[in-house]
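The values are calculated or read from the model by the stated rules, or taken from the named source; none is laboratory data. A quick note: this is a predicted structure, and the numbers were derived from the prediction, not measured. Cβ: placed from backbone, ideal geometry, glycine included. Neighbour counts: every protein chain shown.
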Amino acid sequence: MGYSMFGVDMARTTTVTVICESAGEGETCDNKEYCIALSEEIITAESGLCVVIPCSFTTAADDFTVKNIIWYKCDGDKANCDLNKIFDTSETNKKQTGRVSLLEPDPSKKNCSIVINDLTKSDSGSYQLTVNGALGGKESECTFSRKTTVSVTDLSQKPTVIVPLLTEGQKATLTCTAPGLCSGSVPTITWMWRGRGEKATEITGNLTERKTENLTAVTQRHSSTLTFNASAEHQGTQVTCKVGFTGDTATEETVTLNVTYIKITGNTTVKEGDALNLTCSGYSSSDITWTEPGSKKKHEATKTDLQNNTGTSTLFISNMRSDHAGRYICTAKHLNTTLTTYADVTVTWYRNISNNSGCEKFSQSNVMTCVCISQGVPLPTIKWPLLESHTGYSVITIALNHTVNSTITLPGTDHRNTVVECVSSYGNGEEKVNLNITETNRQEVSPVQHYIPACAVLPWVLGVSLSLNVFSIIYVVFLWSTRRKVKPLQEDRTYMSLKKRDQSAEYDVIGHPQR
């Protein structure tokens, strides 16, 4: 690669001859009128980066005025280097490419150091300096015989990747700084992500951000940041920062992420009587504890092991009861950081259809009302399969806590051959019961004021009454200040459905037709 691109080769015209000296290795130009201080040692640099050739000179201050500085690259072993000019201060606004520049742009300050950017191996060679000026009113030049040698090798420097302490659930920012402090072409910086056993994929979008810092007039620091929310899935994954320079020269650095985290594994839904087995594990966590639902006491069934810098704590309860359901909290400590996670455990159970279930036939009107009561978690579903062929019946279902109460009312007809079957479905199972029919002389009740056991009616009535009072208070507060936000009260889940065959009317919770 030649250097004709840096300027037009010009013949040097000398009117006054100046004797130029060179300071020896370790010497200075003190007490010498025309002298250059230039290293005789080989300067080593790497492809894609830049190199600085340090240089200074002296002249007779009273007689010689510096006008411009010229640098040449010598071709091979030729003694004459003036055919390959790479830099001339008098042409900086003409054909200079910007790849070569002075560290001090003012030639009168006698600093002839240059920086060469975007290096390639063809930049290897010797460099020579010429200083042009005026001596006694006549043009003069001083070409220093001493040369300096530059050797350009393959790029071996790697980017610097800074990884902060990573904690699950917290935002993290990784920083990659390109090698070198060159002011030439801006390098490309690419982030790659590689999961365990996966191929690397490029990271794009607003997660990454480029930054350039101007340190001096000729030096810059180039960097890029990668921002993401750390999670347990990032543990053990690899992030690569690749930096590309001019001439297809590239270098990269790969780091492995270590995330401080805790997570719970195991089945959080168990049947009553079965065992609960949960494991809480965390990277860089050696102190892991479990806490029972609704208690600050640590659970007794705990053991902690520490292997491969990962702590584990196993919670085992052999015979789960319904009152064991709830939130189990796992706490892990690492240095000054405390992490907490939890598992909501559900204990599934089912009780046989209640003995309070049954049918009552009103002899005066032949109307029959049947009640079926079932309990369980999750709530069972009650169906009346043998009544699908009947017309004009109504069904009301009330769920309170873990109890489902379903009531069906059949209009007046002869029920002597009627068989009433209640089916309670739960999970993958179901229970079927044929209800006993009892005849009574009591007066028939309305479709909603049917027979419901006191144990089911009382909580429901109290809940409705309490709800009405609470909503009345909320309404008054709302009128007092419309700006105040009232958080809805959390009540027991209660629902009511009413079906009537051959009738268009629907009833609300107190039995009045809806409009």
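General remarks:
- Where a residue in the range 423-441 is hydroxyl-bearing (Ser, Thr, Tyr) and its partner, wherever it lies, is at pLDDT 90 or above and in a loop (DSSP other than H, G, I, E, B), with Cβ under 8 Å and at least six apart: Ser424/Ile353; Ser424/Pro380; Ser425/Pro380; Tyr426/Pro378; Tyr426/Pro380
- Close pairs from the range 378-406: first without any contact (Cβ under 8 Å) to a residue 40 or more places away in the chain, partner among the aromatic types (Phe, Trp, Tyr) and crowded, with 18+ Cβ neighbours inside 10 Å, Cβ under 8 Å, at least 6 apart: Leu387/Tyr393; Ser406/Trp384
- Only one entry in Ala134, Ala45 is surrounded by 18 or more Cβ atoms within 10 Å (Cβ to Cβ), modelled with pLDDT of 75 or more, outside the structural domain of Glu252 (by TED's automatic domain parsing) and in contact with a strand residue (DSSP E or B) (Cβ under 9 Å, 6 or more places away or on another chain), namely Ala45.
- Of the listed requirements (1) out of contact with any Asp or Glu (no Cβ under 8 Å at 6 or more places or on another chain); (2) loosely packed, with under 13 Cβ neighbours inside 10 Å; (3) under 21 Å from Val115 (Cβ atoms), Glu202 misses just one: (3).
- With a requirement of 1 or more residues that are within 30 Å of Leu165 (Cβ to Cβ), the strands (runs of 3 or more DSSP E) lying completely within the range 326-408 that satisfy it span 326-334, 337-351.
- Residue-level check: of (1) touching an Asp or Glu at 6+ places or on another chain (Cβ under 6 Å); (2) under 30 Å from Asn319 (Cα atoms), Ser365 misses just (2).
- Exclusive hit being under 26 Å from the mean Cα position of the chain (by Cα), at positive phi and free of Cβ contacts under 8 Å to residues at least 40 places away in the same chain, set Gly205, Gly137: Gly205
- Every condition in (1) surrounded by 16 or more Cβ atoms within 10 Å (Cβ to Cβ); (2) modelled with pLDDT of 95 or more; (3) of a type in the set (A, V, I, L, M, F, W, C) is met by Val255 except one, and the failing one is (1).
- Scanning the range 153-185 for residues that are free of Cβ contacts under 8 Å to residues at least 60 places away in the same chain and surrounded by 14 or more Cβ atoms within 10 Å (Cβ to Cβ) yields Ala172, Thr175, Thr177.
- Some residue of the range 144-155 being out of contact with any Phe, Trp or Tyr (no Cβ under 9 Å at 6 or more places or on another chain) and either within 30 Å of Tyr283 (Cβ to Cβ) or in a loop (DSSP other than H, G, I, E, B) (or both): yes
Yes/no per residue for (1) crowded, with 19+ Cβ neighbours inside 10 Å; (2) at pLDDT 85 or above:
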site	(1), (2)
Thr59	yes, no
Ile70	yes, yes
Lys73	yes, yes
Glu91	no, no
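- Each residue in the range 221-247 was checked for being at pLDDT below 90 and touching a strand residue (DSSP E or B) at 6+ places or on another chain (Cβ under 6 Å), and 2 pass.
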